[in-house]
Amino acid sequence: MPIRKKLKVISAVTVVLVFALLLWGYASRTTVNEVERFITREAPIGSSITQVEAMLDGHHFTHSSYYDVLDTGNFDDKPEKLRGVAHGYIGAITRNVEWNSITRWDIMARFYFNERGELIDYTIRRIGTGP
């Protein structure tokens, strides 16, 4: 096979592979709406700490243990709104759900539980990090 023809074949295969990788990356990303749906289906309000942890593990979220305090950080306003009702939380994250040339997007969630260890509320946020 002549060198010119080989270069054309290699170029065409490279373009197809790059396109396929980009399409795969776009199609396989997790969205906030998907997370909302699987929480509603697999760990709805009233679920136990163990059920929420199992759901997070099943969807490959990295998550904390149950914290028996309310964090007053800037993730959301739930600690203030749920004061006296919520007694602890679990924080969770799945990384690299989307990206562009300068920003990586993650999905973070926080699950709030009452004194009986029942899920009473949660927040899901898409967070971008970059330079």
Point to revise | Test for Asp57: is it surrounded by 13 or more Cβ atoms within 10 Å (Cβ to Cβ) and among the acidic types (Asp, Glu) | key: no
Revision key, fill the gap. Quick count over segment 60-101, residues being under 21 Å from Thr129 (Cβ atoms) and not small (Gly, Ala, Ser), is 16
**Study point:** Tabulated pairs, segment 37-55, first under 15 Å from Asn114 (Cβ atoms), second part of a loop (DSSP other than H, G, I, E, B), C-beta under 6 angstrom, 6+ apart or interchain
**Key:** Ser48/Gly117; Ile49/Tyr66; Ile49/Gly117; Gln51/Ala43; Val52/Ala43
Point to revise | Which numbered condition Arg29 misses (of (1) of a type outside the set (Phe, Trp, Tyr); (2) at pLDDT 95 or above; (3) under 17 Å from Met108 (Cα atoms)) | key: (2)
Practice item. Could you check segment 44-130 for strands (runs of 3 or more DSSP E) lying wholly inside it with 1 or more residues that are over 21 Å from Val32 (Cβ atoms)? Key: 88-99, 104-113
Check your understanding: Would you say Pro2 is surrounded by 12 or more Cβ atoms within 10 Å (Cβ to Cβ) and at pLDDT below 85?
Key -> no
Point to revise | Selected residue (criterion: farthest from the chain's Cα centre (by Cα)) from residues of segment 74-86 that are loosely packed, with under 11 Cβ neighbours inside 10 Å and over 17 Å from Ile107 (Cα atoms) | key: Gly84
Check your understanding: Can you name every residue in segment 87-131 that is basic (Lys, Arg), surrounded by fewer than 18 Cβ atoms within 10 Å (Cβ to Cβ) and in contact (Cβ under 8 Å) with a residue 24 or more places away in the chain?
Key -> Arg95, Arg104, Arg125, Arg126
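The values are calculated or read from the model by the stated rules, or taken from the named source; none is laboratory data. If you're wondering where the values come from, they're calculated on a predicted model, not measured in any experiment. Cβ: placed from backbone, ideal geometry, glycine included. Neighbour counts: every protein chain shown.
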